[in-house]
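> Following this message is one structure expressed as structure tokens.
Every read-out reported here was derived from the displayed coordinates using simple, explicitly stated rules and does not represent laboratory data. Note that the structure is predicted; figures quoted are calculated from it, not measured. Using ideal geometry, Cβ is built from the backbone for each residue, glycine included, and neighbour counts are taken over all protein chains shown.
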Amino acid sequence: DGWSGGYAAGGRAHRLAAALAPGPAGVEALDLTARWDTGWREEPMRTLDPGIGRLTRLASLGLLWNELTDLPSSLADLTRLESLVLSANPIGTLPDVVRRLRALRSLALTLIGATRLPDQQWDQQRPP
């Protein structure tokens, strides 16, 4: 389970604040899941802090069970991001910024209510 380490010290807000704190951007995996835990659920995020783009070493990002409807354009700055979990968010239409994630190898989209992918074909070369 690649996400279990994200549940250590404190809640999701603490994990995000710690990752975005000044200092080296060395975080490689971040789980911001609004988790179920002993019968309670953390308050879901409705927006993702644009500062997420500063985590340039991030390879894995979990956003399961939030209330995200869009993603910040700064997500494209995560040039090493290989795994993105967007499942169980009311995304609707997958944001185009996802296409710009050049290192992305795994994208979880279960239960997002997507009605379509971005306009351009996914089998075309991703833009720079």
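> So how much slack lies between Ala108 and Thr79, counting 0.36 nm per residue of separation and subtracting their Cα-Cα distance, in nm?
Values: separation 29, 0.36 × 29 = 10.44 nm, distance 1.81 nm.
Net length gain for the segment: 8.6 nm.
> Sequence-distant or interchain residues sharing an amide H contact under 5 Å with Thr33, placed H: which?
So Thr33 has HN proximity to Leu64.
> Could you pull out every residue, at least 5 positions away or on a different chain, whose amide H is within less than 5 Å of the one on Leu81? Hs are placed 1.01 Å off N in the peptide plane, and Pro or chain starts have none.
The answer is Ala103.
> Can you pull out the trypsin sites (Lys or Arg not before Pro) in region 78-114 whose DSSP state is coil and whose Cβ has at most 16 other Cβ atoms within 10 Å?
Values: sites: Arg80, Arg99, Arg100, Arg102, Arg105; in loops: Arg80, Arg102, Arg105.
Answer by residue number: Arg80, Arg102, Arg105.
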